[in-house]
Amino acid sequence: MAHDHDHRFDRRHFLTGILAMVGGVAVAPIARAMQAGMDPGYIPATPYMTDDQRALTAAVSERIIPTTDTPGAIAAEVPAFIEMMLSEWYWQGERDMVMSGLSAIDAAAQKSHGKPFAAVTPEQQDAILTLAQAQTLSGAPADSFEHLRQLVIFGYYSSEIGCTVERVYLPVPGRYDGAYPYSEVNRVFAS
Amino acid sequence: MSDYEFDAIVIGSGVSGGWAAKELTEKGMKVLMLDRGRMVEHSADYPYEGTGPWEQPYRGQTPPALVESDYYASRYGGAAQTAVKGFMNNDRLNPYAFKDGPEFRWVRPGTVGGKSLTWGRVSLRFGPQDFEANGKDGHGNDWPVRYEDIAPWYSYVESYAGISGQKEGLWQLPDGEFQPPHPMNVAETWTKERLEKAMPGRKLIHTRCANMTEDKPEQGRSRCQSRSQCNRGCSFGAYFSTQAVTLPAARATNNLTLLADQVVTSLEYDPKTKRVTGVRTIDANSHAAHTYRSRIVFLCASTMASNQILLNSKLEGSDKSFADSSGTLGRYVMDHAMLTTFSGNLPEGTYSDLIEYGRKPTGVYIPRFRNLKGQDADADFLRGYGCQGGGHRGVSGAVGFGASMKEGLRTYGAWSIGFNVFGECLPYIDNTVTLHPTKVDRFGVPQALFNVTFRENERKMMADGARQGEAMMKAAGLVNVWSEEKPHIPGDAIHEMGGACMGRDPRTSVTNSWNQLHEAHNVFVTDGSAMASTSCVNPSLTFMAFTARAADQAVKLVKAGAI
């Protein structure tokens, strides 16, 4: 029966299978994931940020969700998502708060290293973000980092890469099993 | 069957209207079904069905500014989700007097199919005690019907709609015609075993719901695929909706004319014959006015909209509705109180190797246990409540940032189980919906104005729900037990009922035991407005049963020449 299909034929494995079949030259998001560097790429329909702010947003996003054995925030187009949400979705107050938090992160890099955040080493970036998360970063509005972090998390795990590569996507599960071994997937199902 | 253009006009195409159209057309009547909303065809008009969040604008989240301006009430029915918004009312274009009077959340749909597309699908029968409560404690009018009158009609609609559940033999929550239940998860079975042992008499059962677990090939419907994205529309037809179930049946008879975008403004009434002689409409696009005529009318516009239409149907030369000879039209407005929640976690390590595969479209239910055999000694309120919830295993919390956070988000937290308490609201004669004296909508219809509040009985009941809920969670051995009570705002449950309540006496009620207006026996009001009390269970299944029963009676009366 079609609806009794095995979980191994879910979307994530389907994509992986395609990858194997075509020798790694895969569907667009996977290809982008593999080629992604620090280029934030896509610019939203209603641009909101300067190029410097875009580079900063991309660098912060990638440190919050880095490329590991799966693609990171940049490959998942999280920076462009953040710009779009700030420009089209957020209330002015929230938008200003997030942008001030980003500015404070950049200012900290300038102060400590004489360079923009996007240009310092990953270790230096992490040290600054650790201060931001501890709310000890000068000039950062309270909770601005947490807001940004949640935005990155939401943007990543609602992206195609987040849902289908990092997580296991089941568009049509076909059945419900409330006692399913985690060891069958060792991953989280996208909701 | 008659000299009219149509034998029957059905106003509204939601849960009740769809059933009215199906039953009347199948019994040979030529039916015109009118809906104020736009057309939504099954499957073809479910644009977000099966899409991932990345394929939806704003990843599925309606921008807050738009929610605030256009969906200030329907946000509580799902309009904050991109995939649901298109099925909901635009409250800016079609307002009610929401800033006047105490807060009331009137959550409306905006399409053919009404709330049947987006409802919660919980399908429970009222019990014998529910039909006796008004008569026993003196609140509201005694129901002119009893459980035994409705029971066969529950069976009738359950069998066709496809309700999953399990027979439990509980007198306060009668069994029905069930397909097998959706399976419980381990958190639910764990809690059920321990709760039922620790507190004899308490039950934790499968929620009975209109998501099928078996195919109905004769209706072209498949069983639930465990997507749990029902309110985007379901091309499998796995849950009951007008589009998947009653509309195809009505269309198959070739007796149905369905017109979308037709706003019914009022009914035309002839006091000499005591009949409604026409249904006045305005086309939502062209604003052209028309009056449709039929022998009988089924008023199924949804509880508050049906009240609004009746209130706006004035006797000639009078400010008074023809249907309001009793003075009770628009009174006894009710909704369930439902913002008490309680929850707990399974102890650390319990079933830590197991997760959920697929997404269950329903959960578990704790049937009413308060004031069942008379008044409980320790209950400081009348009637009772039920608890709707479910077990779940969510993703671990995001700790820190970077690779460690990402790795942590690949694991699950503890199994948890949580419930919402749904409490019966007493019928109060001064909880009202009226027409605003000056504010009208874009069709010239006076806006609905609500003066509905929950009272001491509801507040005490909800506080008891929190106490009992915590006690049950603790007795079952759950940890991190927690309860919370948010302000209960009428309308929130989207279980609004009353206003055209049934009763035996035309001097104190609006409709009779067959849902006919006392003042016009050719009009049957079969949505929530005719309900004389709310029970504590979700009401849609009861609307279906009353509608099917009324349609059967209507056809008999027409054939007998009585109406």
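Okay, here's what the table says:
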{"item": "Longest segment of chain B lacking GluC sites (Glu not before Pro) that sit in a DSSP loop with at most 10 other Cβ atoms within 10 Å", "result": "B:1-315"}
{"item": "The stretch B:533-552 versus the stretch B:299-359: alpha-carbon centroid distance in Å", "result": "13 Å"}
{"item": "Relative packing of peptides B:549-558, B:281-290 - highest average C-beta neighbours within 10 Å first", "result": "B:549-558, B:281-290"}
{"item": "Charge-dipole axis of the stretch B:388-473 as Lys and Arg at +1 and Asp and Glu at -1 on Cβ define it, positive-most pick from B:Thr438, B:Gly402, B:Ile417", "result": "B:Gly402"}
{"item": "Trypsin sites (Lys or Arg not before Pro) restricted to the stretch B:350-434 and DSSP loop, no more than 11 other C-beta within 10 Å", "result": "B:Lys373"}
{"item": "Residue-by-residue Karplus 3J(HN,Hα) for the stretch B:88-94, coefficients 6.51, -1.76, 1.60, Hz, glycine and proline x", "result": "9, 5, 8, 6, 6, 6, 10"}
{"item": "At q = 0.09, 0.11, 0.20 Å⁻¹, base-10 log of I(q)/I(0) for the stretch B:62-197 (Debye sum, equal scatterers on each alpha carbon)", "result": "-0.47, -0.69, -1.06"}
{"item": "Over chain B: helical MRE at 222 nm, DSSP H runs n ≥ 4 each giving -39500 (n - 2.57), nearest 500", "result": "-6500 deg cm²/dmol"}
{"item": "For chain B, diffusion coefficient by Stokes-Einstein and Kirkwood Rh (Cα), 4 °C, 1.567 mPa s, µm²/s", "result": "54 µm²/s"}
{"item": "Nonlocal amide H pairs with B:Ile9, under 5 Å, H built at 1.01 Å", "result": "B:Leu32, B:Ile296, B:Val297, B:Phe298"}
{"item": "The stretch B:466-502-the stretch B:225-286 distance, computed between alpha-carbon centres (Å)", "result": "32 Å"}
{"item": "Relative contact order computed over the stretch B:407-554 (Cα-Cα under 8 Å; 6+ residues apart), in percent", "result": "19 percent"}
{"item": "Rg [Å, one decimal], Dmax [Å, integer] - the protein assembly as shown, C-alpha atoms", "result": "27.9, 94"}
{"item": "Point-charge dipole on Cβ atoms (K/R +1, D/E -1) for chain B, about Cα centre, debye to 20", "result": "340 debye"}
{"item": "Surrounding net charge for B:Ala44, when Lys and Arg each add one and Asp and Glu each subtract one, Cβ distance under 15 Å", "result": "0"}
{"item": "Cα-derived Rg over Rh, computed across the stretch A:38-163 with Rh taken as Kirkwood radius", "result": "0.93"}
{"item": "For the stretch B:1-69 versus the stretch B:187-201, the gap between their alpha-carbon centres in whole angstrom", "result": "41 Å"}
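Bear in mind that the values in this text are calculations on the coordinates, not laboratory data. What you see is a predicted model, and the numbers here were worked out from it, not measured in a lab. Positions of Cβ are backbone-derived with ideal geometry, glycine not excepted, and every protein chain shown enters the neighbour counts.
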